[in-house]
Amino acid sequence: MHLLIIGCEYAGKQTLASHISRWLMEKMGEKLVRWHDHFVVPKLDQHTIFRSEDDTSISDPGSEHWSVMGKKSHDQLTNEDEAQILALRPTILEQLQRHNIWRHLHHGLFQNEDLLFINHYYADAVYAPLYYGYGTAGSFADRRDRARAWDSELLTSGPNITLVLVRADPQIVKDRLKDAPRASGILKSADIDHVINRFDEEYDHSLLPRKFLLDTSDSSPQSTFQTFIDNIQPFLTKHDRKRLEDHSRVENAQ
């Protein structure tokens, strides 16, 4: 499955990713599910990792972990590193992000059975002009224009990718932000209406043809996930369906 989930912080993307990960492990037999979730400054290095209950490589299987695949702990970004990222001049940060985005459009990545992104370059299109000091309309780094160019590149590398917009009512997002503020979080309460509208615009203007929207305003996490399962069915590839069938056959034979 190739999937790109986008939306405002606190809309419910991580919760949905958790449910999808468990589904991939339970229904397709995956032992490890990795999400590329490192496109919002200053979190540019980590992935969200889920492991199955029978994965004994860690002491707490079945739980969520933040890590960088293949890196030792001393190689990962520290709080001091993130502070330096936030202090970069906009022109340098823009270049860093542009390279980060292009790296994750490389065709080799799309050879994986599952390639899962949260926000990717859509985050830059929304947040860069607002918080990073670059990406405004008409500039060299115009992120609205570049987002469409990156849509085209993404369709070349991964034509089967599905775009999912996760959104919620602005007041609900404001309440979630107030109740559970995150370390190094960039979202400001006063900007939430604008950010939600911008993600709506990016979704509407996206060139990706395989897409659908999920609203978590009045929906429980389980209900949102079930709606995702209903909506993803037309976009499952033959290989996805074969994995589902093969794993079901093995489970029934036990």
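Would you pick out the residues in segment 148-173 that are in a helix (DSSP H, G or I) and small (Gly, Ala, Ser)? Don't jump to the end; show me each part of the working.
If we filter segment 148-173 for residues that are in a helix (DSSP H, G or I), which is where we start, we get 148-157, 170-173.
Scanning segment 148-173 gives Ala149, Ser152, Ser157.
Give me the residue from segment 154-195 that is polar (S, T, N, Q) and surrounded by 14 or more Cβ atoms within 10 Å (Cβ to Cβ) and, out of that set, nearest to Tyr122 (Cα to Cα). Break it down into steps so the answer makes sense when it comes.
The initial filter retains those residues of segment 154-195 that are polar (S, T, N, Q), namely 156-157, 160, 162, 171, 184, 189.
Checking the rest, the ones that are also surrounded by 14 or more Cβ atoms within 10 Å (Cβ to Cβ) come to 157, 160, 162.
Details: Ser157: 17, Asn160: 18, Thr162: 14 Å.
Of everything passing the filter in segment 154-195, Thr162 is nearest to Tyr122 (Cα to Cα).
Condition check ((1) modelled with pLDDT of 95 or more; (2) in contact with a Leu (Cβ under 7 Å, 6 or more places away or on another chain); (3) open to solvent by 10 Å² or more (accessible area, probe 1.4 Å)) across all residues:
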position	(1), (2), (3)
Ile6	yes, yes, no
Ala11	yes, no, no
Ile20	yes, no, no
Glu26	no, no, yes
Val33	no, yes, no
Val40	no, no, yes
His47	no, no, yes
Asp55	no, yes, yes
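Just for helices (runs of 4 or more DSSP H) wholly inside segment 188-254: which have at least 3 residues that are among the polar types (S, T, N, Q)? Explain how you work it out, then say what you get.
Details: elements: 192-205, 221-232, 238-253.
Once the helices (runs of 4 or more DSSP H) in segment 188-254 are filtered for at least 3 residues that are among the polar types (S, T, N, Q), what remains is 221-232.
Just one of Ile101, Ile92 is open to solvent by less than 80 Å² (accessible area, probe 1.4 Å), β-branched (Val, Ile, Thr), under 26 Å from Asn160 (Cβ atoms) and modelled with pLDDT of 95 or more; which is it? It would help to see each step written out before you state the result.
Values: Ile92 fails: under 26 Å from Asn160 (Cβ atoms).
After applying the criteria, what remains is Ile101.
Which one of these does Asp124 not meet: (1) open to solvent by 50 Å² or more (accessible area, probe 1.4 Å); (2) under 18 Å from the mean Cα position of the chain (by Cα); (3) closer than 20 Å to Lys43 by Cα?
(1)
Could you list, in sequence order, the residues of segment 127-151 that are of a type in the set (S, T, N, Q) and open to solvent by 60 Å² or more (accessible area, probe 1.4 Å)? Don't jump to the end; show me each part of the working.
Of the residues in segment 127-151, the ones of a type in the set (S, T, N, Q) are 136, 139.
The one that is of a type in the set (S, T, N, Q) and open to solvent by 60 Å² or more (accessible area, probe 1.4 Å): Thr136.
Looking only at segment 149-171, which residues are of a type outside the set (A, V, I, L, M, F, W, C) and more than 19 Å from Arg103 (Cβ to Cβ)? Even if it seems obvious, please write down each step before you answer.
Our first condition is that a residue be of a type outside the set (A, V, I, L, M, F, W, C); within segment 149-171, this holds for 151-153, 156-160, 162, 167, 169-171.
Across segment 149-171, the qualifying residues are Pro159, Asn160, Thr162, Arg167, Asp169, Pro170, Gln171.
Just a yes or no: is a residue in segment 224-244 crowded, with 17+ Cβ neighbours inside 10 Å and within 14 Å of Ile6 (Cβ to Cβ)?
Yes: one or more hits.
Hey, among the residues in segment 202-223 that are surrounded by 13 or more Cβ atoms within 10 Å (Cβ to Cβ) and of a type in the set (Asp, Glu), which one's nearest to Ile161 (Cα to Cα)? If you could, list the steps in order and put the result at the bottom.
Keep residues of segment 202-223 that are surrounded by 13 or more Cβ atoms within 10 Å (Cβ to Cβ), which gives 202-203, 206-208, 210-217, 219, 221.
Of the ones still in play, those that are also of a type in the set (Asp, Glu) are 202, 215.
Numbers: Glu202: 16, Asp215: 20 Å.
Result: Glu202.
The values are calculated or read from the model by the stated rules, or taken from the named source; none is laboratory data. Since this is a predicted model, take the numbers as computed values, not measurements. Glycine also receives a Cβ, built like all others from the backbone with ideal geometry; neighbour counts cover every protein chain displayed. Accessible surface is based on the protein model in full, side chains and every heavy atom, while ligands, DNA and RNA are left aside. Shrake-Rupley method; radii C 1.70, N 1.55, O 1.52, S 1.80 Å.
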